[in-house]
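*Asks:* I'd like to ask some things about the structure below.
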Amino acid sequence: MQILPSLSSSPAARRAARTAIVLAASLLGTALAEAQDATAILRSAFDNWRAKSSTATIEMVIHRPAWQRSMTMLSWTEGHNKSLARFTAPAKDAGNATLTIGGQTYVFNPKLNQVIKIPASTMAQSWMGSDFSYNDLSKSEDLLSEYTHKITSTARSGGHKIYVIEAIPKPGAPVVWGKIEARVRDDGVFVKETFFDQDLKPVRVMSADKIAALGGRAYPVVLTMRQSNKANQWTRITTTKAAFDVSQPSYLFTKSNLQNPRD
């Protein structure tokens with residue numbers, strides 16, 4: 001069976017074949033460019049979130065239909081895979097800390113005076129009883145490395161262009177979500193993330209409820225995570241103070257410092 005015209009075909013047929021090849025190459029090039037652009041936009045959002053390093057003071061409110069509690073923590077990050085969060089209030093939670101380094105996550109419980117490694121299989125589970133997971137705490141870059149990306153639409157809001165990016169897991173990727181839809185502003189601010197299960201049903205949504213200048217950049221200072229199927233349940237984190245691209249001491253992201261913090 002002859003699929004494409006042979007070299008002996010009529011000039012018109014050869015022109016049609018060349019046009020089809022050029023069009024196919026153009027469409028492929030456009031698709032590749034869009035994928036690269038989508039990935040670049042997500043990378044800018046991660047860079048805005050963490051910079052080369054960061055130090056922050058954060059308040060967290062966990063809300064349930066029958067109760068609500070508030071906590072305060074200090075947070076540090078460096079590079080793409082180092083983070084430390086240590087609770088300072090209330091007294092019953094003070095000293096609890098979580099360290100992520102080199103793809104490994106450890107928690108310290110001062111009452112037990114013990115460092116525990118969190119298995120990779122449980123990284124998506126609740127952190128400190130909140131609607132955020134251990135992955136959320138470290139702002140895991142699995143979204144960049146384990147998914148393919150495509151810009152599905154754009155919109156405008158508050159004088160900014162908003163990119164809607166669909167992230168689909170790569171074949172065999174060790175991830176929980178069947179799809180993630182991210183909305184990112186043109187200045188690199190995460191506006192919203194919707195997480196879908198393997199049946200592509202929305203499970204939870206994280207939204208930036210307030211974006212303001214912080215540490216010399218536009219930043220989602222108030223983020224709220226809501227479960228799609230649980231009414232009146234949410235967790236809100238508010239970054240009250242932050243500094244970016246700061247020098248971090250070498251001992252900071254170590255298990256020793258996790259258990260016995262230095263002043």
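*Asks:* Give the separation of the Cα centroids, the stretch 199-236 to the stretch 78-157, in Å.
*Replies:* Centre-to-centre (Cα) distance: 15 Å.
*Asks:* Still on this structure, please answer the following. In µm²/s, what is D for the stretch 42-259 at 20 °C and 1.002 mPa s, where D = kT/(6 pi eta Rh) by Stokes-Einstein and Rh is the Kirkwood radius from Cα pairs? Let's see the in-between values first.
*Replies:* On the way: Rh = 18.0 Å.
Here the translational diffusion coefficient equals 119 µm²/s.
*Asks:* A follow-up question, please. Kindly put TRP49, TRP127 in sequence by how many other C-beta atoms sit within 10 Å of each C-beta, fewest to most. Present the calculation step by step, with values, prior to reporting the outcome.
*Replies:* Details: TRP49 17, TRP127 22.
Least crowded to most crowded, the residues run TRP49, TRP127.
*Asks:* Only counting other Cβ atoms within 10 Å, I'd like SER145, SER250, SER133 sorted with the fewest neighbours first. Could the numbers behind the result be given before it?
*Replies:* Numbers: SER145 12, SER250 7, SER133 19.
Ordered from fewest to most neighbouring Cβ atoms within 10 Å, SER145, SER250, SER133 come out as SER250, SER145, SER133.
*Asks:* In what sequence do TYR134, TYR251 fall when counting other Cβ within 10 Å, fewest first?
*Replies:* Values: TYR134 20, TYR251 10.
Fewest to most other Cβ atoms nearby, the residues stand as TYR251, TYR134.
*Asks:* A follow-up question, please. Tell me, what HN-Hα J-couplings in whole Hz come from the Karplus equation 6.51 cos²θ - 1.76 cosθ + 1.60 at θ = phi - 60° for each residue of the stretch 108-125, using x for Gly and Pro?
*Replies:* Karplus values, whole Hz, x for Gly and Pro: 10, 10, x, 5, 8, 6, 9, 9, 10, 7, 8, x, 4, 5, 10, 5, 8, 7.
*Asks:* Assuming a ≥ b ≥ c are the square roots of the Cα gyration tensor eigenvalues, decide whether the stretch 206-263 counts as rounded (a/c under 1.5), prolate (otherwise, with a/b larger than b/c) or oblate. All intermediate terms of the calculation are to be shown ahead of the outcome.
*Replies:* Details: a/c = 3.81, a/b = 1.54, b/c = 2.47.
Cα axes put the stretch 206-263 in the oblate bin.
*Asks:* Could you derive backbone 3J(HN,Hα) for the stretch 56-67 from the dihedral phi with the Karplus parameters 6.51, -1.76 and 1.60 (θ = phi - 60°), listing whole Hz in sequence and x where the residue is Gly or Pro?
*Replies:* After applying 6.51 cos²θ - 1.76 cosθ + 1.60, I find 8, 10, 10, 10, 10, 10, 9, 10, 10, x, 9, 7 Hz.
Any read-out appearing in this document is the output of simple, stated calculations on the displayed coordinates, not a laboratory observation. Note that the coordinates shown come from a computational prediction; the quantities given were computed from them, not determined experimentally. Note that we place each Cβ from the backbone using ideal geometry, even for glycine, and neighbour counts take in every protein chain shown.
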